[in-house]
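Only one structure is covered here, and it is reproduced in the block below.
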């Protein structure tokens, strides 16, 4: 009997072990494939595409728990209205509440990528929902891309809208008739259009009024009116054997193509700003700083308040746009701790006009205890006739390597009252013996407003060492301080350390004014050169990787100019060389470039794109798929896990 009991206990223990293992598996899942699928809408009330809708509450049901991310900025309802619908998510349901609905109107709710599942955050890309309050649904659409005109960057999340072509003032006075927002590639599709002719606009709508009323907003407009239409076409559909995964047959299927689908809008900023004094300060006793919100045509008029002083305020240092100015105060004003100055300038009033305005400002500076002179300063000998110079100053220069074809830069601590050019000497050596250079020196300001900068122009020779020397008292600033002796050594590189690039531009009319900008790997401008005879050259380049941008210079001023909606002017047109240009040391590279051979929206190399497309979890941006209506791949094998759908 005891033997039989023992035989029964063994299987019982095994059962308990199995149950324990099963419980352990339930409590600690072993995992599985990561959920990378976005939510799927399984029903809607009213159904998608419904007509004669009267209810103002829309509910969308999904196959899993969902969230709506940043609904205010991502979800776009067309047609737009002052009262923005409320979009909320609870469990598997998304609700859209309207305050009111217009009669006989097709409504499109573009969720973009706002809807995502609760667990993994997989976004439902490009999801839209459409219904109509009338008996019909308007189904026409137009598509395209929005790029920044200056650098062809895709404009992400920018508003694109239409107005009837017969209303020339609607863009600045009315909300768009129908709208969409661009995705992370700058693409847009405006849905629900009636038959007709439209003007198309892009707007960085900062004040959310749906119209171009703020001159500081970026915008763009398509140069011609468009008439949306649809056409039937066919596409080849590959059918695969579900058992073998091999191609079984190819069939034709019908599809509707909505046109135009290749609109490219280039946005720009007019540079118009409201003018006012944005900032003012006194960094030290000798300077006051004024920062204006917009460029100006004239310097402000400054006068002293509360002091009997009628002399000059000082020396102006600033930008050519006259929006950032430093006034180096005269010695008399620099000695006053508390200054009240009246600044008279043209300020933008409530009507948007520039009117004369005076700001009375107080500048205060608390003087610190005098600093003891250093040993070097004590050793500096100043003659009796120069005893008014309290402290000598030192030229700010850098040695090292001097670029061929570029001037040598010199900076002084304060604006100069005098400069003794003969007191400067330039020497060179190639065999350890320093000899004066044979040509006279030319030292000058590079800019009338760069009052503390000097440049030494000289035809530098390759692989040569130079020394720049200056005597004491070679320069004196406006406060009577004289310069210390200067001695700095620098050298130039050998010719074989440089490289050069020549670009031959084809299909560019000879009469076209244009210039090419050579760009770095961060899209920054390294050099700029005008196009002459269909050719542009860049010499004395450091070896490296370069990119190039061509600007069609409308007015020939050598600068990129924005457009004007009032004048119907598009901005200057930019073209990118569509790949990187690698140049090694001691190379002379020549490239032929047809700027019109590559579509505008495909020109800028992805390596220097700043507004890159988002990446989906588990995928790279290159693996993102596009809607089947936009592109169809007849060679696709749905059973191939490594299949990559082509992108445009």
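The values are calculated or read from the model by the stated rules, or taken from the named source; none is laboratory data. None of the values given here were measured: they were computed from a predicted structure. Cβ coordinates were reconstructed from backbone atoms using ideal geometry, including for glycine residues, and neighbour counts include every protein chain displayed.
Points worth noting:
- Residue in the range 564-578 that is surrounded by 13 or more Cβ atoms within 10 Å (Cβ to Cβ), within 25 Å of residue 113 (Cα to Cα) and at pLDDT 95 or above present: no
- Under the condition of being assigned to a strand (DSSP E or B) and crowded, with 19+ Cβ neighbours inside 10 Å, the residues counted in the range 473-489 number 6.
- Against the test of being under 30 Å from residue 521 (Cβ atoms) and out of contact with any helix residue (DSSP H, G or I) (no Cβ under 8 Å at 6 or more places or on another chain), the options 191, 185, 232 yield a single qualifying residue, 185.
- Residues (at negative phi, part of a loop (DSSP other than H, G, I, E, B) and within 26 Å of the chain's Cα centre (by Cα)) located in the range 501-526: 513, 520, 521, 522, 524
- Matching residues in the range 496-530 - criterion: being free of Cβ contacts under 8 Å to residues at least 40 places away in the same chain and more than 29 Å from residue 411 (Cβ to Cβ): 509, 510, 511, 514, 516, 530
- On inspection, residue 146 fails the criterion of being in a strand (DSSP E or B), more than 21 Å from the chain's Cα centre (by Cα) and at pLDDT 95 or above.
- Residue count, the range 196-226 (criterion: at pLDDT 95 or above and either more than 17 Å from residue 145 (Cα to Cα) or touching a helix residue (DSSP H, G or I) at 6+ places or on another chain (Cβ under 9 Å) (or both)): 7
- Considering the conditions (1) surrounded by 11 or more Cβ atoms within 10 Å (Cβ to Cβ); (2) at pLDDT below 95, residue 61 is excluded by exactly one of them, (2).
- So residue 109, is it assigned by TED's automatic domain parsing to the domain that holds residue 50, in contact (Cβ under 8 Å) with a residue 40 or more places away in the chain and within 13 Å of residue 76 (Cβ to Cβ): yes
- Of the criteria (1) closer than 30 Å to residue 283 by Cβ; (2) without any contact (Cβ under 8 Å) to a residue 60 or more places away in the chain; (3) not in a strand (DSSP E or B), which one residue 440 fails: (1)
Every residue, every condition in (1) surrounded by 13 or more Cβ atoms within 10 Å (Cβ to Cβ); (2) at pLDDT 95 or above; (3) within 24 Å of residue 315 (Cβ to Cβ), yes or no:
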site	(1), (2), (3)
246	no, no, no
277	yes, yes, yes
285	yes, no, yes
289	yes, yes, yes
292	yes, yes, yes
297	no, no, yes
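- Number of the exception - residue 242 against (1) farther than 25 Å from residue 346 by Cβ; (2) surrounded by 11 or more Cβ atoms within 10 Å (Cβ to Cβ); (3) not assigned by TED's automatic domain parsing to the domain that holds residue 336: (2)
- Filter pass, residue 645 being within 21 Å of the chain's Cα centre (by Cα) and either under 24 Å from residue 37 (Cβ atoms) or modelled with pLDDT of 95 or more (or both): no
- Take the conditions (1) closer than 30 Å to residue 481 by Cα; (2) out of contact with any strand residue (DSSP E or B) (no Cβ under 8 Å at 6 or more places or on another chain); residue 272 misses just one of them, which is (1).
- Filter pass, residue 157 being at pLDDT below 95, within 30 Å of residue 521 (Cα to Cα) and in the same structural domain as residue 221 (by TED's automatic domain parsing): yes
- Test: residue in the range 154-166 that is within 23 Å of residue 195 (Cα to Cα) and under 19 Å from the mean Cα position of the chain (by Cα): yes
- Positions within the range 176-210 being closer than 25 Å to residue 111 by Cβ, touching a strand residue (DSSP E or B) at 6+ places or on another chain (Cβ under 8 Å) and part of a loop (DSSP other than H, G, I, E, B), in sequence order: 176, 177, 182, 183, 184, 185, 186, 194, 204, 205, 210
- Meets criteria (in contact with a strand residue (DSSP E or B) (Cβ under 9 Å, 6 or more places away or on another chain) and without any contact (Cβ under 8 Å) to a residue 40 or more places away in the chain) for residue 59: yes
- If the condition is being in a loop (DSSP other than H, G, I, E, B) and either in contact with a strand residue (DSSP E or B) (Cβ under 6 Å, 6 or more places away or on another chain) or surrounded by fewer than 17 Cβ atoms within 10 Å (Cβ to Cβ) (or both), then the range 316-326 contributes 319, 320, 321, 323.
- Residues in the range 572-591 that are closer than 14 Å to residue 539 by Cα and touching a helix residue (DSSP H, G or I) at 6+ places or on another chain (Cβ under 9 Å): 585, 586.
- Answer from 333, 361, 329, 346 - the residue that is more than 38 Å from the chain's Cα centre (by Cα) and crowded, with 16+ Cβ neighbours inside 10 Å: 333
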